[in-house]
Amino acid sequence: MLDILRRQAGRFQCPKCGESLADCELEMVAHQDDQSLVKVTCAHCQDVRVIAVAIAAEAAPAPMIEVRDEPVEKLGAPITTDDVLDARLALAGFEGDLASLLR
């Protein structure tokens with residue numbers, strides 16, 4: 001898992017300093033089935049983030065996604081690591097389809 005992430009890291013930029021994450025430090029925090037939590041440390045500014053990663057067994061066609069480009073001040077506070085982990089825990093016990101989740 002970490003090897004795959006290391007190969008892909010150069011495609012991403014640090015959200016804090018904007019530099020490439022090609023030389024970032026990666027550390028596996030937790031792993032269960034096809035899902036992992038990985039700590040990413042920027043080599044340039046030492047910013048630390050925890051990301052949730054899921055590996056798909058087979059690639060499915062990507063659905064059409066509406067992208068809204070809004071100024072940050074209209075979106076409210078940035079999403080924190082705790083927000084992502086809270087959402088993951090809330091969804092872990094959800095039984096149903098996407099349509100019922102979004103109602």
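Of everything in segment 82-103 that is open to solvent by 100 Å² or more (accessible area, probe 1.4 Å) and among the hydrophobic types (A, V, I, L, M, F, W, C), the residue that is modelled with the lowest pLDDT is Leu102.
In segment 6-17, the residues that are closer than 16 Å to Val38 by Cβ form Cβ pairs under 6 Å with partners that are of a type in the set (Ser, Thr, Tyr), at six or more places apart or across chains, as follows: Gly10/Ser20.
The values are calculated or read from the model by the stated rules, or taken from the named source; none is laboratory data. Note that the coordinates shown come from a computational prediction; the quantities given were computed from them, not determined experimentally. Cβ sites come from the backbone with ideal geometry, for glycine too, and all protein chains shown count toward neighbours. With ligands, DNA and RNA removed, areas are computed over all heavy atoms of the protein, side chains included. Shrake-Rupley method; radii C 1.70, N 1.55, O 1.52, S 1.80 Å.
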